[in-house]
Amino acid sequence: MSLLEIAHLTGGYGETDILNGIDLTVEQGEILTVAGTNGAGKSTLAKAVMGLLPRASGRIALDGTDILAEPVERRLALGIAYVPQVGNVFASLSVLENLQVVQGVRDAKARIAELLDAFPALSERRRARAGSLSGGERQQLAFARALMARPRLMILDEPTAALAPARVVESFERIRALPALGVSVLMVEQRARQALSVSDRGCILDGGKVAMLGAAAGLLADERAAALYLGRAGGA
Amino acid sequence: MFGALLVAGIVHGLIIGLAALAVTLVFGIARFPNAAAGDTMTAGAYAGLLAHQASGSLALAGGAAVAASGAVSLLGYLLVFRPLARRPVASLLVAAIGVAFVIRAVLGLIFGHQQQVFQVPLAWPIEFMGLRIPPMDITLATVAACALAAAFGVLHLTSIGRQMRAVADDPDLARVSGIRPLRVMIALWLLAGAAAGIAGLMLGVKTVVSPEMGWEGLLTAFAAAILGGIGSPAGAVLAGLLLGIAQEVSTPYVGFTYKIALAFVVMLAVLLVRPRGLFGRMEGVR
Ligand SMILES: Nc1ncnc2c1ncn2[C@@H]1O[C@H](COP(=O)(O)OP(=O)(O)OP(=O)(O)O)[C@@H](O)[C@H]1O
Ligand SMILES: [Mg+2]
């Protein structure tokens, strides 16, 4: 059974549908990249899975249980975590407070110690205000905050968008390491080629529909995908 | 002379600071200017007055003020502001003015409109470093300092306080961090109400208790909240102190009538130089 199963998903913010019938799965232990042009509905899809979209219909199931009607809190408790595209840390709180403030975590002290071990840069700056962190540190904190509740599925919305180019590679390496920790990943990325190169599968959204879906290597080699959505090889 | 005015200014400033703290907390977390904060103070002053008349104890009066203002504040949230959540700021402001009128009318009906005073025993001033300080000022300043320490302790040392600051910082991220909005809002309104209650009690002891006292002090509290950088609790308290001292120290020069206006002159002067206030850090408030 797929970890996440999305079927005939439609929805949007107001009257108009932004998502127009999406079918997609995320398997246990996999990284799936969602690419597509600006405004294709990538962030909207991410929000729908987290329960943040005002209106959605169809099916979203986690481990076979339909969660479409569940509120955000319930989805968090079921093991979904979300790192938004912007505003992914509490800038006025300290690094430590950003982790402490996450609710619904069993044995939070031990979990914080684990995460500070896993992110030594954060451990060094645990008393610093999150707003004073560098882009790379800030992203590590955003990941650590999302990992607090020991999620099984992490939704990342453009994790590298705010990073300096020099930090992008290490960021993708960090994402590549997540499945080994028991965390599957649904990642929205503009840097589609680099994202696909650390992913198992990829999907391309266009106009709120899945235009292409397949193995990451296959998409990278596909001429039509390259021409329409991924930009030239070596670019992006 | 200057020293005595300075002491009076500090006490007055602590009152403004507590009221501004109530305003700025609500603004930072619930995101609207709570025009009912002044009348919440008044409710605390009357509760304190009753408790003081019955017991003669200022400590009990403080407890009663905190309880009454906290309850009024929470009721205002549950009955009015919660149903109106996510409405435009202007609607919430108008609703808050309505709540303020209701509180004032109820207090007027129960207690009448004549001014009442706390019967506190007269005591000789205490000589300290050449200053003659009324013992009541020392008591009030101590009460205010304890109240502020408690408020900042809640905000910075407790889990619910951290959650409140997280919601103030980014409500959407707070939601996906599992923070439950209702709990945070209840804590917010209780804390803001308690701060207003202590402010009301102090104002009542220093001046007179009347149904209009809080409403009349509201603009000064708003001025301090803005001056401190709206949404910044420490800024609100420091700006309150600054305005309180400026008002008292300038009284011999500008006279009693204009000392209220002075708060606004100071506020405007600072805002021209620093648009986000002295300690401003809240950005992107809707
Ligand atoms: N909060 C919102 N309210 C109303 N419409 C929105 C909102 N957010 C996005 N939209 C609209 O939904 C459509 C899809 O937006 P979405 O953010 O999902 O695109 P995206 O694929 O993530 O694009 P980008 O690459 O720019 O991040 C756009 O037409 C956008 O204008
Ligand atoms: Mg997006």
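When segment B:172-212 is examined, which residues are found to be touching a residue at least 24 places away in the same chain (Cβ under 8 Å) and either touching a strand residue (DSSP E or B) at 6+ places or on another chain (Cβ under 6 Å) or within 14 Å of chain A (Cβ to nearest Cβ) (or both)? Can you show your working first?
Keep residues of segment B:172-212 that are touching a residue at least 24 places away in the same chain (Cβ under 8 Å), which gives B:184-206, B:208-212.
Result: B:184, B:187, B:209.
Could you please find all residues in segment B:61-73 being farther than 10 Å from residue B:193 by Cα and either in contact with a Ser or Thr (Cβ under 7 Å, 6 or more places away or on another chain) or modelled with pLDDT under 95 (or both)?
To start, the set of residues in segment B:61-73 that are farther than 10 Å from residue B:193 by Cα comprises B:61-64.
If the condition is that a residue be farther than 10 Å from residue B:193 by Cα and either in contact with a Ser or Thr (Cβ under 7 Å, 6 or more places away or on another chain) or modelled with pLDDT under 95 (or both), then no residue fits.
Of all residues in segment A:210-227, which are exposed (fewer than 15 other Cβ atoms within 10 Å of the Cβ) and part of a helix (DSSP H, G or I)?
Residues satisfying the conditions are A:217, A:218, A:221, A:223, A:224, A:227.
So in segment A:1-14, with the set limited to residues that are away from ligand 2 (no atom under 15 Å from the Cβ) and not in a strand (DSSP E or B), which one is most open to solvent (accessible area, probe 1.4 Å)?
If we filter segment A:1-14 for residues that are away from ligand 2 (no atom under 15 Å from the Cβ), which is where we start, we get A:1-11, A:14.
Still in the list and also not in a strand (DSSP E or B): A:1-3, A:14.
Values: A:1: 173, A:2: 25, A:3: 0, A:14: 39 Å².
That would be A:1.
So residue A:189 fits all but one of (1) in contact with an Asp or Glu (Cβ under 7 Å, 6 or more places away or on another chain); (2) over 18 Å from residue A:40 (Cα atoms); what number is the exception?
(2)
Here are some residues: A:17, A:66. Which one is among the charged types (D, E, K, R) and either within 16 Å of ligand 2 (Cβ to nearest atom) or in contact (Cβ under 8 Å) with a residue 60 or more places away in the chain (or both)? Can you show your working first?
Numbers: A:66 fails: either within 16 Å of ligand 2 (Cβ to nearest atom) or in contact (Cβ under 8 Å) with a residue 60 or more places away in the chain (or both).
Answer to the check: A:17.
Given B:244, B:231, which one is in a helix (DSSP H, G or I) and either under 30 Å from residue B:61 (Cα atoms) or open to solvent by 50 Å² or more (accessible area, probe 1.4 Å) (or both)? Can you show your working first?
On the way: B:231 fails: in a helix (DSSP H, G or I).
Going through B:244, B:231 in turn, just one is in a helix (DSSP H, G or I) and either under 30 Å from residue B:61 (Cα atoms) or open to solvent by 50 Å² or more (accessible area, probe 1.4 Å) (or both): B:244.
Kindly indicate the residue of segment B:135-150 that is open to solvent by 50 Å² or more (accessible area, probe 1.4 Å) and without any contact (Cβ under 8 Å) to a residue 60 or more places away in the chain and also nearest to residue B:70 (Cα to Cα) among those meeting that condition.
Filtering first and then ranking leaves B:150.
Within segment A:37-104, considering only helices (runs of 4 or more DSSP H) that don't extend past its boundaries, which have at least 3 residues that are under 27 Å from residue A:163 (Cβ atoms) and either more than 9 Å from chain B (Cβ to nearest Cβ) or open to solvent by 20 Å² or more (accessible area, probe 1.4 Å) (or both)?
Details: elements: A:42-50, A:72-77, A:95-100.
Passing ranges, in order: A:42-50, A:95-100.
State the number of residues belonging to segment B:151-171 that are facing another protein chain (nearest Cβ under 7 Å) and either in a helix (DSSP H, G or I) or in contact (Cβ under 8 Å) with a residue 12 or more places away in the chain (or both).
Of segment B:151-171, the ones facing another protein chain (nearest Cβ under 7 Å) are B:162-163, B:165-166, B:169-170.
Subset that is either in a helix (DSSP H, G or I) or in contact (Cβ under 8 Å) with a residue 12 or more places away in the chain (or both): B:162-163, B:165-166, B:169.
Summing the residues that are facing another protein chain (nearest Cβ under 7 Å) and either in a helix (DSSP H, G or I) or in contact (Cβ under 8 Å) with a residue 12 or more places away in the chain (or both) in segment B:151-171 gives 5.
Exactly one of these conditions fails for residue A:30: (1) open to solvent by 10 Å² or more (accessible area, probe 1.4 Å); (2) out of contact with any Asp or Glu (no Cβ under 6 Å at 6 or more places or on another chain); (3) away from ligand 1 (no atom under 15 Å from the Cβ). Give me its number.
Here residue A:30 clears every test but (2).
For segment A:32-51, what are the residues that are under 15 Å from the mean Cα position of the chain (by Cα) and β-branched (Val, Ile, Thr)?
A:33, A:34, A:44, A:49
Given the criterion more than 18 Å from the chain's Cα centre (by Cα), within 16 Å of ligand 1 (Cβ to nearest atom) and within 19 Å of residue B:181 (Cβ to Cβ), identify the matching residue among A:54, A:84.
Only one candidate qualifies: A:54.
On the basis of being more than 19 Å from residue B:105 (Cβ to Cβ) and at pLDDT 95 or above, does residue B:51 make the cut?
yes
Quick check, is residue A:24 more than 14 Å from ligand 2 (Cβ to nearest atom), open to solvent by less than 10 Å² (accessible area, probe 1.4 Å) and not in a helix (DSSP H, G or I)?
Working: more than 14 Å from ligand 2 (Cβ to nearest atom): yes; open to solvent by less than 10 Å² (accessible area, probe 1.4 Å): yes; not in a helix (DSSP H, G or I): yes.
For residue A:24, the condition - more than 14 Å from ligand 2 (Cβ to nearest atom), open to solvent by less than 10 Å² (accessible area, probe 1.4 Å) and not in a helix (DSSP H, G or I) - is met.
Listed here are the residues, each with its yes/no results for (1) among the charged types (D, E, K, R); (2) touching a residue at least 24 places away in the same chain (Cβ under 8 Å); (3) within 16 Å of ligand 1 (Cβ to nearest atom).
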site	(1), (2), (3)
A:131	no, yes, no
A:146	no, yes, no
A:150	yes, yes, no
A:156	no, yes, yes
A:160	no, yes, yes
A:175	no, yes, no
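Answer with yes or no whether residue A:117 is away from ligand 1 (no atom under 16 Å from the Cβ) and either open to solvent by 10 Å² or more (accessible area, probe 1.4 Å) or under 19 Å from the mean Cα position of the chain (by Cα) (or both). Please lay out each step first, then the result.
Values: away from ligand 1 (no atom under 16 Å from the Cβ): yes; either open to solvent by 10 Å² or more (accessible area, probe 1.4 Å) or under 19 Å from the mean Cα position of the chain (by Cα) (or both): yes.
Here the answer is yes, as residue A:117 does meet what is asked.
Helices (runs of 4 or more DSSP H) wholly in segment A:132-209 with at least 3 residues that are hydrophobic (A, V, I, L, M, F, W, C) and surrounded by 21 or more Cβ atoms within 10 Å (Cβ to Cβ) - which ones?
Values: elements: A:135-147, A:165-176, A:192-197.
Per the criteria, A:135-147, A:192-197.
The values are calculated or read from the model by the stated rules, or taken from the named source; none is laboratory data. For clarity, every value in this text was computed on a predicted model and none was experimentally measured. Here the Cβ is made from the backbone with ideal geometry for all residues, glycine too, and neighbour counts use every protein chain on show. These area figures cover heavy atoms from the full protein model, side chains too; ligands, DNA and RNA do not enter into them. Shrake-Rupley method; radii C 1.70, N 1.55, O 1.52, S 1.80 Å.
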